[in-house]
1. Determine which residues of the range 1-17 fall in the zone a paramagnetic label at ILE36 would reach in this model, i.e. backbone nitrogen under 13 Å from the point 7 Å along Cα→Cβ.
2. Want the number for ARG67 to ALA2: 0.36 nm per residue separation, take away the alpha-carbon distance, what's left?
3. Loop-only trypsin sites (Lys or Arg not before Pro) in the range 1-101, please: DSSP not H, G, I, E or B, and at most 16 other Cβ atoms within 10 Å.
4. Just the accessible area per residue of the range 28-82, please: how many Å² with a 1.4 Å probe?
5. Taking a cut-off of 16 Å between Cα atoms, list the lysines near LYS95, but don't count ones fewer than 8 places away on the same chain.
6. Heavy atoms only, probe 1.4 Å: what % of the accessible area of the chain goes to carbon and sulfur, would you let me know?
7. When only DSSP loop residues count, what GluC sites (Glu not before Pro) in the range 17-102 have their Cβ near at most 16 other Cβ atoms within 10 Å?
8. I'd like the per residue volume of the convex hull spanned by the Cα atoms of the chain, given in cubic angstrom.
Amino acid sequence: MAQFMVSQQLEPEDVIAQAESLSFPDSVVQYFQGAIGQPPGGFPEPLRSKIIKGRTLADGKPFYEGRPGVDLAPFDFEKARAKLGELYKGEIDDKDVLSYALYPQAREGRSAKGL
């Protein structure tokens, strides 16, 4: 959020006043959806709703309730290692697998060891 505000030369008052018309990056939307948790007392409304702008999570909810990830299925690290091995035709180490587990969209389409 801070990087977005600085890059757009916005003051806190500007964000509140223009929230409905600003094009927030996915990282800011996900933050306000609670993807990395909820601050004590929650996010301020109506700012949260204006930033989310009707975007929903995969389950159709507008934001996480409780701890994010509580309902995630266990991650299959061996399956991910095999997939990466097929994609990159090289030696895949634990760091590669963990990076893929955390950021799959950033790993797909990269060359071997250019991960």
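The values are calculated or read from the model by the stated rules, or taken from the named source; none is laboratory data. This is a predicted model, so every value here is computed, not measured. Heads up, the Cβs are rebuilt from the backbone with ideal geometry, glycines too, and the neighbour counts pull from every protein chain shown. Heavy atoms of the whole protein, side chains included, go into the accessibility calculation; ligands, DNA and RNA do not. Shrake-Rupley method; radii C 1.70, N 1.55, O 1.52, S 1.80 Å.
1. Those under the cut-off are 1-4.
2. Working: separation 65, 0.36 × 65 = 23.40 nm, distance 2.34 nm.
Between ARG67 and ALA2, full extension yields an extra 21.1 nm.
3. Answer in residue order: LYS53, ARG55, LYS89.
4. 69
5. Output for LYS95: LYS79, LYS83, LYS113.
6. 54
7. Values: sites: GLU20, GLU65, GLU78, GLU86, GLU91; in loops: GLU20, GLU65, GLU91.
Passing sites in the range 17-102 are GLU20, GLU65, GLU91.
8. Hull volume normalised by residue count: 142 Å³.
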